[in-house]
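For reference, the structure discussed in these notes is given below.
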Amino acid sequence: MKKLVSLIALMGALSSPAWAATKTVTLAVPGMTCAACPITVKTALAKVAGVERTDVSFEKREAVVTYDDAKTTVAAMTRATADAGYPSTVKR
Ligand SMILES: [Cu+2]
């Protein structure tokens, strides 16, 4: 019985990282008007807990964000860019 309990505890400890999926989303950020804008957008997204990587393209007016979906949501990211002055939407 004790062995079973510790096995369940072990499974619990191992399963949380397995459930957290790393996802990528592309955000359209039409408000970027110069080469410095991506820096502001990138900084804003980097402050969102759970965001692992951000590639912002000024030419494409988009931000490709890699994030942990157990820690953050796309809504939190679009809010962060909007708060920085660059409203964004999910690009499909
Ligand atoms: Cu700018």
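The values are calculated or read from the model by the stated rules, or taken from the named source; none is laboratory data. Keep in mind the model is a prediction, meaning the values are calculated, not measured. With ideal geometry, Cβ positions are generated from the backbone for all residues, glycine too; neighbour counts draw on all protein chains shown.
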Checklist entry - For segment 26-66, how many residues are more than 13 Å from the ligand (Cβ to nearest atom), of a type in the set (Val, Ile, Thr) and surrounded by fewer than 18 Cβ atoms within 10 Å (Cβ to Cβ)? => result 3
Next on the checklist: Of the conditions (1) farther than 21 Å from residue 91 by Cβ; (2) modelled with pLDDT under 95, residue 21 satisfies every one except a single condition; which number is it?
Outcome noted: (1)
Item to check | Test: residue in segment 71-87 that is touching a Cys at 6+ places or on another chain (Cβ under 9 Å), crowded, with 19+ Cβ neighbours inside 10 Å and closer than 21 Å to residue 34 by Cβ | outcome: yes
Next on the checklist: Let me spell it out: the conditions are (1) assigned to a loop (DSSP other than H, G, I, E, B); (2) free of Cβ contacts under 8 Å to residues at least 24 places away in the same chain, and residue 32 meets all of them except one. Which number is the exception?
Outcome noted: (2)
